1. Please go through (1) among the small types (Gly, Ala, Ser); (2) open to solvent by 60 Å² or more (accessible area, probe 1.4 Å); (3) modelled with pLDDT under 95 for Gly190 and return the number of the only condition it doesn't satisfy.
2. Out of Ala24, Ala7, Ala65, which single residue is surrounded by fewer than 19 Cβ atoms within 10 Å (Cβ to Cβ) and modelled with pLDDT under 95?
3. Note down all Cβ pairs under 8 Å where the first residue falls in segment 148-165 and is touching a residue at least 40 places away in the same chain (Cβ under 8 Å) and of a type in the set (A, V, I, L, M, F, W, C), the second is surrounded by fewer than 14 Cβ atoms within 10 Å (Cβ to Cβ) and assigned to a helix (DSSP H, G or I), and they're at least six residues apart or on different chains.
4. Among the residues of segment 157-181, how many are in a helix (DSSP H, G or I), open to solvent by 50 Å² or more (accessible area, probe 1.4 Å) and of a type outside the set (S, T, N, Q)?
5. Let me confirm something: among Arg50, Arg73, Arg126, which residue is without any contact (Cβ under 8 Å) to a residue 12 or more places away in the chain and crowded, with 17+ Cβ neighbours inside 10 Å?
6. If you go through segment 102-123 one residue at a time, how many are loosely packed, with under 14 Cβ neighbours inside 10 Å, among the polar types (S, T, N, Q) and in a helix (DSSP H, G or I)?
7. In segment 136-171, what count of residues is obtained for those that are of a type in the set (Asp, Glu) and over 15 Å from Thr35 (Cα atoms)?
8. Quick one: which of Gly76, Gly68, Gly82 is in contact with a Ser or Thr (Cβ under 7 Å, 6 or more places away or on another chain) and either outside any helix (DSSP H, G or I) or small (Gly, Ala, Ser) (or both)?
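The values are calculated or read from the model by the stated rules, or taken from the named source; none is laboratory data. This one's a predicted model, so the numbers in the text were calculated from it and none came from an experiment. In this analysis, Cβ positions are derived from the backbone assuming ideal geometry, glycine residues included, and neighbour counts consider all displayed protein chains. The accessibility values were calculated without ligands, DNA or RNA, using every heavy atom of the protein model including side chains. Shrake-Rupley method; radii C 1.70, N 1.55, O 1.52, S 1.80 Å.
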Amino acid sequence: MISTAGALIVPVVRSAGAYRSPRADETPGTVQTPTGPLTPLDRDFVKRVRLAGLWEIPAGRMALAKGGSTEVRTAGQHLVDGHTELDRAVLDTAQTLGLEVPGEPSVQQKAWLKQLDDAQGAEFDRLFANIVRNAHGQVFAVVAQVRAGTQNSTVRDLATLANSTVLDHMTVLEATRLVRFGDLSGPPAGTSSPTAAPVPAPGGTQR
């Protein structure tokens, strides 16, 4: 998800539950939960997954409404379906672990949505494919790290679902043949805080 969330004030939704682990800003280190140790990276990952759905579901709906090709509209449908399921899972995870999760997209994600909302025709298709694919590439590295290393079974289940969802979305976005691979950002240098994916510039050659 993918922007510098640590620098933003993001509204949160508190999930009620029998157990409430401290938020990352309350307890910087690892805390114990009924389903295993919960690290700062685990908690950050849960929030990233929630943020992803908050902006990618609207982005997918835009692609369904404005997409100029079957491939773009198909990618939009995958975003809506995949993140609707993933959002249910992340809210269940937050409730189980007593975590607070964002209630609206970050400032950066809102800016991406505005770009997509303002764009039409071929420009929309290009921006949609590249902005969303870049964002997925950023979070994919974090999903893999959490899935490989978490000791919390609840987080592991969420990471398993997120891994298959993000990979599916990357695949259908690439199938639009609009993704400029040479312009994509590499994996984030660190995984303790999200990084913002740059918006591809207009024009240029597809790579």
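1. Here Gly190 clears every test but (2).
2. One residue alone meets the criteria, Ala7.
3. Leu161/Glu85
4. Looking only at that region, the number is 5.
5. Going through Arg50, Arg73, Arg126 in turn, the sole match is Arg73.
6. The number of residues fulfilling the criteria is 0.
7. The qualifying residues number 1.
8. Gly82
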